[in-house]
1. State the answer as a single residue: which of Gln29, Ala150, Thr16 lies farthest towards the positive end of the charge dipole of the chain, with beta carbon charges of +1 for Lys and Arg and -1 for Asp and Glu, about the Cα centre.
2. Does the stretch 26-79 classify as rounded, prolate or oblate by the C-alpha gyration tensor (a ≥ b ≥ c root eigenvalues; a/c under 1.5 gives rounded; else a/b over b/c gives prolate, otherwise oblate)?
3. Looking at the chain as a GNM with Cα springs under 10 Å, which of Leu67, Leu97, Leu84 has the largest mean-square fluctuation?
4. Using helices alone, I'd like the mean residue ellipticity at 222 nm for the chain: each DSSP H run of four-plus residues gives -39500 (n - 2.57), total over residue count, nearest 500.
5. With loop defined by DSSP as not H, G, I, E or B, and exposure as at most 15 other Cβ atoms within 10 Å, which is the longest segment of the chain clear of exposed GluC sites (Glu not before Pro)?
Amino acid sequence: MPLEIRVYIVALLNQTLAETVDLRSHVKQAHWNMKGPEVFLLQTLLAALTTELDAYTDQVAARITALGGTAQGTARLAVTRSTLAEYPSDLVESTALVQALAERLAHCATMVRANITHATDVEDMHTAHLYIDMVRGIETRLGGLEAYLAQ
């Protein structure tokens with residue numbers, strides 16, 4: 001892969017890493033503070049989402065280093081680079097928490113879908129497949145949150 005394409009993909013992946021690290025912190029904030037009648041069910045869903053986000057960050061970081069880049073995934077870097085809306089720290093009611101998380105998951109899914117196209121455009125199918133796996137998982141969890149909200 002030519003150097004300029006590797007540099008481009010590494011930048012794309014580091015942006016994804018920032019978004020994913022930030023999203024994980026939003027999920028943990030909701031998990032810790034949730035109150036309501038279905039807390040156990042929702043906390044189980046959020047725990048699974050946290051585990052998946054951890055796996056995505058590891059996969060993205062591994063791809064960055066495989067391309068010769070440096071994974072930039074500290075919390076401080078994530079905050080400065082993430083495009084997610086700030087998570088409302090005063091939310092505790094489960095429906096409001098789920099709504100806020102659904103909005104952020106939808107934002108990330110949109111970003112990841114766009115990155116599939118970007119990776120495909122430069123013929124980096126390995127990164128495109130990584131993004132395909134990510135969006136599949138994110139959209140599955142988003143569907144679960146949306147189903148909860150539709151009740």
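1. It is Gln29.
2. Here the stretch 26-79 falls in the oblate category.
3. Between Leu67, Leu97, Leu84, it is Leu67 that shows the largest mean-square fluctuation.
4. -28000 deg cm²/dmol
5. 39-85
Computed from the coordinates by the stated procedures, all read-outs in this text should not be read as laboratory data. Keep in mind it's a predicted model, so treat the numbers as computed, not measured. For neighbour counting, all protein chains shown are included, and Cβ atoms are generated from backbone atoms with ideal geometry for every residue, glycine included.
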